[in-house]
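Read the structure below first, then the notes.
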Amino acid sequence: MRVLVTGINGFIGSHIAEHLTALNRTAAAAGEPAPYEIVGLDKQGPAFAFDADYTDVRGDTRDRSLVRKLVSEADRVIHMAGILGTSETMDFLEETAGSNVMGSLNVFEAARDEGKRCVYITVGNDWLNPYSVTKHTAAKLAQMINSWQDGKIVVVRGLNAYGPRQKAYPVRKVFPVFALSALKGLPLRVHDRGNMIIDLVHVRDLARGLVSAMLAPEQPGLFEHIMDLGTERKTEVLWLAKFILEQAKGSFDEADIVSVQMRLGEPKDSVTLGDVTNSSRYIDYRPEIPIETGIPESLAWYREHVGEFPDFTA
């Protein structure tokens, strides 16, 4: 099976590539042929090295002819490419919409016309920022194509992914920012009171879920429902900051955490929590890595690679 992964060199895309490669190597060790040929489409190379065997095609999902060519040559598509950021996208409306909506539409239409299954990841929240709005718009387009144009697009909702190789800038994500701040002896900047609730899912669980969505048997409901890839576990941001400090330093005091104002495009007192009812039913998704083991493992990666973030500031 030839699998096209857009955005393969990004955080989640690279873990998808590693997961598929691991399945190939397991098959080879058993004397069986590799089940997957992995092809990636990305605008840029990887920020950090990772262990995967794949063909790396440099390009943009907004290139309609290139997308159509690659989709026609693939058996399945996992569409990860897009522009990230909440406050970071506020001044880049056209570029964000172009990539996240029109780029996605190129992938969806190519998959529809070729009769190929496509897996698309949308965001866990419904906040009013360009990133969230454009990702949800693309998800609605996918569902429309499924409903009226015989599309085969599985829409998954990724919750708060964390793990090795997540970039800390220019788009600032909570786990790498907290981890690097703790390791560099900088105060952890918690927005407002830090009482926002998030659903932390390890990136390897997320990658497995996306591959499961690609392989799940076709059945009524698979292309109609959104599949949450989360844990259903509530994690308060302030608790997360304290837990990371404890893991990184052994202890902490009040000066290690400072309160700052909310970022543009992110509401106060938010709750972003997954419901895995559909994903467990339709794609047999089960998160396996609890934060008690996932966070120390991920923190160890940042400790080893802290020198690769020379421009990081809290």
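Put simply, of 115, 45 the only residue that is touching a residue at least 24 places away in the same chain (Cβ under 8 Å), over 19 Å from the mean Cα position of the chain (by Cα) and open to solvent by 20 Å² or more (accessible area, probe 1.4 Å) is 115.
When the residues of region 280-314 are filtered to those that are over 21 Å from residue 158 (Cα atoms) and either of a type in the set (S, T, N, Q) or assigned to a loop (DSSP other than H, G, I, E, B) (or both), which remaining residue is modelled with the lowest pLDDT? Checking each candidate, the answer is 314. When the test is whether a residue is crowded, with 19+ Cβ neighbours inside 10 Å, on the phi > 0 side of the Ramachandran plot and basic (Lys, Arg), residue 165 passes it.
Here residue 264 meets each of (1) out of contact with any strand residue (DSSP E or B) (no Cβ under 9 Å at 6 or more places or on another chain); (2) of a type in the set (A, V, I, L, M); (3) modelled with pLDDT of 95 or more; (4) open to solvent by 40 Å² or more (accessible area, probe 1.4 Å) with one exception, condition (3). For region 1-22, a residue qualifies if it is over 15 Å from the mean Cα position of the chain (by Cα) and in contact (Cβ under 8 Å) with a residue 24 or more places away in the chain, and the qualifying residues are 1, 2, 3, 4, 20, 21.
Could you run through region 212-246 and say how many residues are crowded, with 21+ Cβ neighbours inside 10 Å, in contact with a Lys or Arg (Cβ under 8 Å, 6 or more places away or on another chain) and outside any loop (DSSP other than H, G, I, E, B)? Number satisfying all stated conditions: 4.
The set of residues from region 168-177 being at pLDDT 95 or above and open to solvent by less than 10 Å² (accessible area, probe 1.4 Å) comprises 175, 176. Return yes when residue 36 is modelled with pLDDT of 95 or more and open to solvent by 50 Å² or more (accessible area, probe 1.4 Å) and no when it is not. Judged against the criteria, residue 36 is not a match. Reported count of residues in region 268-281, each being surrounded by fewer than 14 Cβ atoms within 10 Å (Cβ to Cβ) and in contact (Cβ under 8 Å) with a residue 60 or more places away in the chain, is 3.
Selection of region 187-211 for residues being farther than 20 Å from residue 262 by Cβ and either within 12 Å of the chain's Cα centre (by Cα) or open to solvent by 10 Å² or more (accessible area, probe 1.4 Å) (or both) yields 201, 202, 203, 204, 205, 206, 207, 208, 209, 210. Just to be sure, is residue 240 modelled with pLDDT of 95 or more and farther than 29 Å from residue 156 by Cα? Answer is no for this residue. Of all residues in region 48-62, those satisfying the criterion of being without any contact (Cβ under 8 Å) to a residue 40 or more places away in the chain and out of contact with any Ser or Thr (no Cβ under 8 Å at 6 or more places or on another chain) are 49, 55, 57, 58, 59. In the set (1) surrounded by 14 or more Cβ atoms within 10 Å (Cβ to Cβ); (2) closer than 21 Å to residue 153 by Cα, residue 59 fails one condition alone, (2).
The values are calculated or read from the model by the stated rules, or taken from the named source; none is laboratory data. This is a predicted model, so every value here is computed, not measured. So basically every Cβ, Gly included, is an ideal-geometry build from the backbone, and we count neighbours across all protein chains shown. With ligands, DNA and RNA removed, areas are computed over all heavy atoms of the protein, side chains included. Shrake-Rupley method; radii C 1.70, N 1.55, O 1.52, S 1.80 Å.
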